[in-house]
Amino acid sequence: QVHLVESGGGLVQPGGSLRLSCAASGFTLDDYAIGWFRQAPGKGRERISCISTSDGSTYYAHSVKGRFTISRDNAKNTVYLQMNSLKSEDTADYYCAAEPRNPLLLIRAICVLSDFGSWGQGTQVTVSS
């Protein structure tokens with residue numbers, strides 16, 4: 001069974017940092033797209049970043065580009081999201097999701113267009129003074 005578990009969320013002051021983890025089980029991260037998504041109160045789900053576990057290529061939404069960094073450790077079957085310079089508007093529930101990698105599509109296209117097939121339960125991030 002494909003299973004994803006997010007961790008690392010919490011309360012942080014504006015300008016601070018957090019690192020989220022997405023631990024996968026039931027499959028190995030050798031040929032997947034892993035995405036990070038978030039949903040703030042009263043807003044829809046936003047696709048913020050994705051990574052290809054096969055070649056490490058990445059995609060970032062404009063709202064987080066330059067502040068967030070996605071990475072993966074295939075040996076640990078884990079994908080990370082390092083979040084720096086956090087703002088109050090980053091407050092949201094954060095989810096990771098997995099989709100088998102389509103070799104004919106760039107990671108950008110997969111991240112923007114795919115619905116993703118497997119989702120974690122989410123972890124809450126609150127940025128406040």
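The values are calculated or read from the model by the stated rules, or taken from the named source; none is laboratory data. Just so you know, these numbers come straight off a predicted model, no measurement behind them. Using ideal geometry, Cβ is built from the backbone for each residue, glycine included, and neighbour counts are taken over all protein chains shown. For the accessible areas, the whole protein counts, side chains as well, though only heavy atoms, and no ligand, DNA or RNA atoms are used. Shrake-Rupley method; radii C 1.70, N 1.55, O 1.52, S 1.80 Å.
Among the lysines, which have Cα under 21 Å from the Cα of Lys43 when same-chain residues fewer than 8 positions away are ignored?
List returned: Lys65, Lys87.
Over the chain, average the accessible area per residue using a 1.4 Å probe and give it in Å², no decimals.
Values: 6650 Å² over 129 residues.
Spelled out: the 1.4 Å probe surface of the chain, per residue, equals 52 Å².
Against the empirical 2.2 N^0.38 Å scaling, what ratio does the C-alpha Rg of region 1-70 come to?
Against the compact-globule rule of thumb, the ratio is 1.21.
How large is ³J(HN,Hα) for each residue in region 56-65, as worked out from phi by the Karplus curve 6.51 cos²θ - 1.76 cosθ + 1.60 (θ = phi - 60°), to whole Hz, x for Gly and Pro?
x, 5, 10, 9, 10, 5, 4, 5, 10, 4
Once neighbouring chains are kept in place and the probe is 1.4 Å, which whole percent of the accessible area of the chain is contributed by carbon and sulfur? Provide the component values of the computation, followed by the final result.
On the way: 3170 of 6650 Å².
Summing carbon and sulfur atoms, their accessible area is 48 percent of the total for the chain.
Per residue, how much space in cubic angstrom lies within the convex hull of the C-alpha atoms of the chain?
Enclosed volume per residue, from the Cα hull, is 93 Å³.
Spin-label point model (7 Å from Cα, Cβ direction): what's the Glu46 to Leu105 distance in nm?
The modelled label-to-label distance comes out at 2.2 nm.
From the phi angles alone, apply the Karplus equation (6.51, -1.76, 1.60; θ = phi - 60°) to region 79-96 and give each ³J(HN,Hα) in whole Hz, x where the residue is Gly or Pro.
Karplus values, whole Hz, x for Gly and Pro: 10, 10, 10, 7, 10, 10, 6, 5, 10, 4, 6, 7, 4, 4, 8, 10, 10, 10.
Quick one: Cα centre-to-centre distance for region 87-124 and region 10-57, in angstrom?
Answer, in whole Å: 6.
Which net charge results for the neighbourhood of Tyr80, defined as the other residues with beta-carbon distances under 9 angstrom from its beta-carbon, given Lys and Arg at +1 and Asp and Glu at -1?
Residues close to Tyr80 contribute a combined charge of +1.
Using the Cβ atoms and a cut-off under 15 Å, what net charge is assigned to the surroundings of Gly16, where Lys and Arg are +1 and Asp and Glu are -1? Display every interim value, and only then the final one.
Values: positive: Arg19, Arg67, Lys87; negative: Glu89, Asp90.
Net charge in that neighbourhood comes out at +1.
Say each of Ser129 and Phe27 gets a label point 7 Å from the Cα, pointing the same way as Cα to Cβ; how far apart are those two points in nm?
Simple spin-label model gives 4.4 nm for this pair.
What spacing in nm lies between the two simple spin-label points modelled at Ser71 and Thr58, each 7 Å away from Cα in the Cβ direction?
0.9 nm
Using only DSSP helix segments of four residues or longer, with each worth -39500 (n - 2.57), what per-residue ellipticity at 222 nm results for the chain after dividing by its residue count and rounding to 500? Kindly include the intermediate steps, with their values, before the conclusion.
Details: 1 runs with 7 residues, N = 129.
It lands at -1500 deg cm²/dmol.
Under a Cβ-only charge scheme (Lys and Arg +1, Asp and Glu -1), can you give me the dipole magnitude of the chain about the Cα centre, in debye to the nearest 20?
Using only the charged Cβ atoms, the result is roughly 300 debye.
Would you mind classifying region 67-109 by shape? Square roots of the alpha carbon gyration tensor eigenvalues, ordered a ≥ b ≥ c; an a/c under 1.5 is rounded, otherwise it is prolate if a/b is larger than b/c and oblate if not.
prolate
Could you tally the net charge around Pro100, taking each other residue with its Cβ under 15 Å from the Cβ of Pro100, Lys/Arg +1 and Asp/Glu -1?
-4
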